[in-house]
Amino acid sequence: MNTAMTQAPGSTMSQPTRSRRGSQALRLLQGYAFFYPAFLLVAAVLFVPLFHAIWQSVHAADYMEIGRFVGLANFVNLLMHDGGLRDIGLSIVFVGGSVLLATPLGVGLAVLLNRPMRWRAFFRTVLVAPWVVSQLVTGLLWLWLYDDRLGPLQAMMQSLGIRALITDPDWAMASLILTNVWHSYPLVMVFTLAALQTVPSEVIEAATIDGASAWRRFWRITLPLIRNTLKVAVVLTTLHTFNTVTTILIMTGGGPAGATEVLALRVFKEGFQFFRMEVAATAAVLILLLNIAFSLAFVRVLKSDHA
Amino acid sequence: MASISLKNLGKSFNGSDVVKDVDLDIAEGEFIVLVGPSGCGKSTTLRMLAGLESAGSGEISFDGTPVNDWTPKERNVAMVFQSYALYPHMTVEANMRFPLEQSKMPREDVAATVRGAAEMLNLTQLLGRKPKTLSGGQRQRVAMGRAIVRRPAVFLFDEPLSNLDAALRTQMRMEIRKLHDKLQTTTVYVTHDQVEAMTLADRVVVMDKGRVIQVGTPMEIYERPATRFVASFIGSPPMNFVPARLEAAGNSLVLWLHDSVRLPVPPAHVPRLLPWRNRGFQIGVRPEHLLQQGQGQGVVEFDTVLCAVEVTGSNTQALFAIGATQACAVWQADWSARPGQTRTLAMNFERLYIVDEASGLIDAPAA
């Protein structure tokens, strides 16, 4: 309507229309020009391998060659006869343990760091440090902490009657979880800290005036208000932990006696050590499915209350 | 309900005094308005009353009992914030229920109390809504609802109407006053708006630079402001101040305004002005007391040229120069006034305020 009205005089109509069409086409082209390089890059490094993995998981393999179509035989084989269920179970323990410990730790520290206190900037920096450390260094550092003869943690454990940590099948997974918690809590902490700063102080003061204790203020007011951000942090930690290979590879390599052989490590080993591509691809697809399932579950559980 | 007493109350942040030596006694059921420019310490005083801020020095007592160390809950105060501070993730009903749940009130009583308050504030239709979906005025009412459900000993309002538009502000102002008349709860209300102070308060407390400058009923503050600051803060447009001096003229006195306007002092007013003959002073006169020619009795007239005129319908504000000072007069609608006109104005000596130049203290005319 508007354009028709502004173009009222007939004779001058064709000229501006043509140029406008031209500039619109240019604008469209510009959009594509900006969009496609990024899209192609993502497609090349993400969609193609992903599709390849899914394709491979329903085919037999001959070294790097894709073989004949086998349907779900690879999945059945891995889950029923090749320890796949056990690996999934270990992955779930690893992820569950890490998220259950890292989330409250991260949130708790964020709440502490959000209060006015001395040396706050210093503590904020120090507490974020584990996040900056690579998985490789994290693995080596904790390997030393857990060391049977030299490790300071080991010495403490010994006084509690625990003889070995990372080398004991009963304690290896717990030790890995502890290491991963140390590496993962800063993400939750940083996200939570950012979210806490968006909670208006007057709302908390109103709750104080209304007679709510600090504990209830946190549960009834603060937590619901930061829930959306926390949800993102938990999902990211979950995905990250499901896919963790480096730390485990360095610290236990899946041992002792397969006690820490999580699914992601299995993908790495099958693919790059045993070159059983169909098993690696099948395990990778399982991880993808687990990731999606867990993320959806978190999103549901932490469903937002916001109108 | 509670009576409140503040003794030598003070507070400083980073070494600078925000509130200093505040003494104030508030009677049970009284509506007190703390008014002053931003940064005068009124909000800090309120927050110390609430228990959100610790008292730096001095004593706060409720009903004669010192409450400095009490939590807001123990003080049994309710507060309405400028931003309303509603809980965004809760419905209106849950917002109003929240303080009752903290006080462990039985469930049935909670529902009944919330319903009662919602009815009183016309919120019944909105109980299921979230704050985000409400208008400013509705949010304001929910904030008040959340405050009244608990039947607190003291209501505290921190500039509750600042975020509303002018029409709604007037309406809510009346509702707040009506609510107070109904509940008779001791109320302390902070604002920088002198109209709110004048219309709501039983007594107004004017603050400046962390100190209480004057306490009195709205009319006392208006009629007999203690200092130049109070006189210029209360009243709109504010009181005119003009440097003046006195000159003997035989048996009589002449008042010179800015050495440019000469006003012979009427004999009845000579005794009041005589002591100021050798002292620096200004005269203060409210715009509504600068009458037009022929109005009022016992007035002294002088000519002046209008510099600017604002007609608002019900009245006309005229700006004119007295020497280097600009002064303002307010008349009942005078549609003929135009800038550049020469007008004869009448100075009513009965309504003349004398301001000591050194101290800023005001000698108000006898009522």
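Miscellaneous remarks
- Spin-label model, B:Asp334/A:Phe274: points 7 Å from Cα along the beta carbon direction are separated by 10.3 nm.
- Spatial extent of the protein assembly as shown: Rg and Dmax, with the Cα atoms as the point set, Å: 38.1, 127
- Charge dipole of the stretch A:82-306 about the Cα centre (unit charges at C-beta), most positive-ward option of A:Phe191, A:Met173, A:Ala207: A:Ala207
- Think of each Lys and Arg Cβ as +1 and each Asp and Glu Cβ as -1; about the Cα centre, that makes the dipole of the protein assembly as shown roughly 1160 debye.
- Interface A:B - total buried accessible surface [probe 1.4 Å, Å², rounded to 100]: 2000
- The stretch B:224-266 shape via C-alpha gyration tensor axes, a/c threshold 1.5: prolate
- Descending principal axes extents, the stretch B:224-367, alpha-carbon based, whole Å: 42, 33, 29
- Once the Cα atoms are used to define both axes, helix B:136-148 deviates from the longest principal axis of chain B by about 60 degrees.
- Burial of accessible area (probe 1.4 Å, heavy atoms of protein chains only) in the stretch B:95-123, relative to its chain alone, reaches at least 20 Å² for B:Phe98, B:Glu101, B:Gln102.
- Overall form of chain A: oblate. Here a/c, set by the Cα gyration tensor axes a ≥ b ≥ c, is 1.5 or more, and a/b is not larger than b/c.
- Lys pairs under 25 Å by Cα in the protein assembly as shown, provided they are eight or more residues apart or on distinct chains: 21
- Charge dipole (the protein assembly as shown, unit charges on Cβ, about Cα centre) - positive-most of A:Ser159, B:Thr44, A:His59: A:His59
- Reported to the nearest whole Å, the Cα centre-to-centre distance from the stretch A:189-250 to the stretch B:96-115 is 28.
- Placing unit charges on the Cβ atoms of the charged side chains and taking the dipole of chain B about its Cα centre, the candidate lying farthest along the positive direction among B:Ile354, B:Thr91, B:Met198 is B:Thr91.
- What you get for the stretch B:53-104, charging only the Cβ of Lys and Arg (+1) and of Asp and Glu (-1), is a dipole of about 200 debye around the Cα centre.
- Dividing the convex hull volume of the alpha carbon atoms of the stretch B:1-114 by its residue count gives 136 Å³ per residue.
- Shape call, the stretch A:98-204: gyration tensor on alpha carbons, a/c limit 1.5: prolate
- Build a GNM of chain B with springs between Cα atoms under 10 Å apart, and of B:Ala327, B:Ala268, B:Ala27 the one that fluctuates most is B:Ala268.
- The stretch B:319-367 versus the stretch B:120-153: alpha-carbon centroid distance in Å: 45
- What a 1.4 Å probe finds exposed on the protein assembly as shown is 60% carbon and sulfur by accessible area, rounded to a whole percent.
- Loop-exposed trypsin sites (Lys or Arg not before Pro) per DSSP, neighbour cap 12 Cβ within 10 angstrom, longest uninterrupted part of chain B: B:105-276
- Taken about its Cα centre, the stretch B:299-353 carries a charge dipole of roughly 80 debye when the Cβ of each Lys and Arg holds +1 and the Cβ of each Asp and Glu holds -1.
- Summed side-chain charge close to B:Gln297 - residues other than B:Gln297 whose Cβ falls under 15 Å, Lys, Arg +1, Asp, Glu -1: -1
- Rounded accessible area of A:Tyr36 (nearest 10 Å², 1.4 Å probe): 100
- Here the gap between B:Ala166 and B:Glu247, fully extended at 0.36 nm per residue and compared with their Cα-Cα distance, gives a gain of 24.4 nm.
- Separation in nanometres of the label points that stand 7 Å from Cα toward Cβ, at B:Lys178 and A:Trp219: 4.0
- On a per residue basis, the protein assembly as shown carries 50 Å² of accessible surface, using protein heavy atoms and a 1.4 Å probe.
- Size-normalised alpha-carbon gyration radius of chain B, reference 2.2 N^0.38 Å: 1.20
The values are calculated or read from the model by the stated rules, or taken from the named source; none is laboratory data. Given the structure is predicted, the values throughout are model-derived calculations rather than measurements. Ideal geometry is used to build each Cβ from the backbone, glycine not excepted, and the neighbour counts take in all protein chains shown. Quick note on the areas: whole protein, heavy atoms, side chains included, nothing else; ligands and nucleic acids left out. Shrake-Rupley method; radii C 1.70, N 1.55, O 1.52, S 1.80 Å.
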